1. With N set to the residue count of the stretch 38-84, report its C-alpha Rg divided by 2.2 N^0.38 Å to two decimal places.
2. Determine, at each q value in 0.15, 0.22, 0.25 (inverse angstroms), the log₁₀ of I(q)/I(0) that the Debye formula gives when each Cα of the stretch 1-83 is one equal point scatterer.
3. Enumerate the amide H contacts of Leu220 below 5 Å, restricted to partners 5 or more residues apart or on another chain; note that Pro and chain-start residues carry no placed amide H.
4. Along the stretch 37-46, what does the Karplus equation 6.51 cos²θ - 1.76 cosθ + 1.60 (θ = phi - 60°) give for ³J(HN,Hα), rounded to whole Hz, x for Gly and Pro?
5. Could you work out the Rg to Rh ratio of the stretch 178-248, with Rh taken as the Kirkwood radius (inverse of the mean 1/r over all Cα pairs)?
6. From the mean inverse distance of alpha carbon pairs (Kirkwood) and the Cα radius of gyration, derive Rg over Rh for the stretch 188-229.
7. Restricting attention to the stretch 40-86, which chymotrypsin sites (Phe, Trp or Tyr not before Pro) occupy a DSSP loop and are surrounded by at most 16 other Cβ atoms within 10 Å?
8. Can you tell me the mean projection area, over all orientations, of the convex hull of the stretch 1-47's alpha carbons? Units nm², please.
Amino acid sequence: MDRIYLFLIRNDVWIYILSALGLFWYTTELWRANRSLRTAIFGLEKERGTRMRNNALFFIALFSAIIAIVFFVNSRIAPTLPQELLKPPTPTPNIFSTPLTSPTPLGTRSAEREVVTPAFAATVTLAGPNGNTGEIEEIVPAATATIFVPPTPFVNCIADLNISEPRNGAAITGAVSFSGTADTENFQYYVLETNGPQTNGQWASLLGRQVDQPVREGFLGSSNLNTWQPGPYLIRLTTIDIGDNITGQCVIQVTLTGNS
């Protein structure tokens, strides 16, 4: 039932327009049928006019009922539905517009690299036939050790790391709320920083802390910039993995305007 409600709420304008056009058309048909009945002489003409009138009355009632139902759903049912249900559907990411990292050359491994420890020789002393001793070297197979190499971080805004509000190039002022996604692989925490006139060209934290909860299409944090110098600022969102390595960074530019 919720799907029907959502369909009526999201398409109410088009339903109103089509129903109004249908009412106009069949009201005209009703007028023509009544005029035909007034001027009809023969039984066949009266029968045809009656059929036209009944058909027009049926569709007038149908379109009127549709308009009443849509109005009822918008005014009475929509306010009682959960806000999560009324949110617009999440758009499917366009794989052709998502920046891709450079391909890894054949024969290399970016995440893990196997390092083979050289073989060592164990010396065993045995007694000879005449009591002399001799040394025999026994080669012990080498042990293979695996060393974890941190992944190469990316510097792009992607589906798992982005700032949706404010948008790139936007003008901001006063208290600013930041929204987006910070949910990369092996997530540990994220930081939100800025670089501009107020920071003298240095990266400074906007939140004053590290956030250890992943966020997907939600609220990242807020900062009060009322006393900051106006001008262009870079906003950088960085995620760190469980090995304290930078996973990726998303950078946008905004313009801080003076308070009016």
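1. Against the empirical 2.2 N^0.38 Å value, I get 2.05 for the stretch 38-84.
2. The calculated log intensity ratios at q = 0.15, 0.22, 0.25 Å⁻¹ are -0.62, -0.93, -1.07.
3. So Leu220 has HN proximity to Phe178, Ser179, Gly180.
4. 5, 5, 9, 6, 10, 8, x, 5, 5, 5
5. Reported Rg/Rh, Kirkwood definition of Rh: 1.00.
6. The Rg/Rh ratio comes out at 1.01.
7. Sites meeting the loop and neighbour criteria: Phe42.
8. 4.7 nm²
Values quoted throughout were computed directly from the atomic coordinates according to the rules given, and no laboratory measurement underlies them. Only a predicted model underlies this, so the values are computations on that prediction, with no experimental measurement involved. Backbone-built Cβ (ideal geometry, glycine too); neighbour counts: all protein chains shown.
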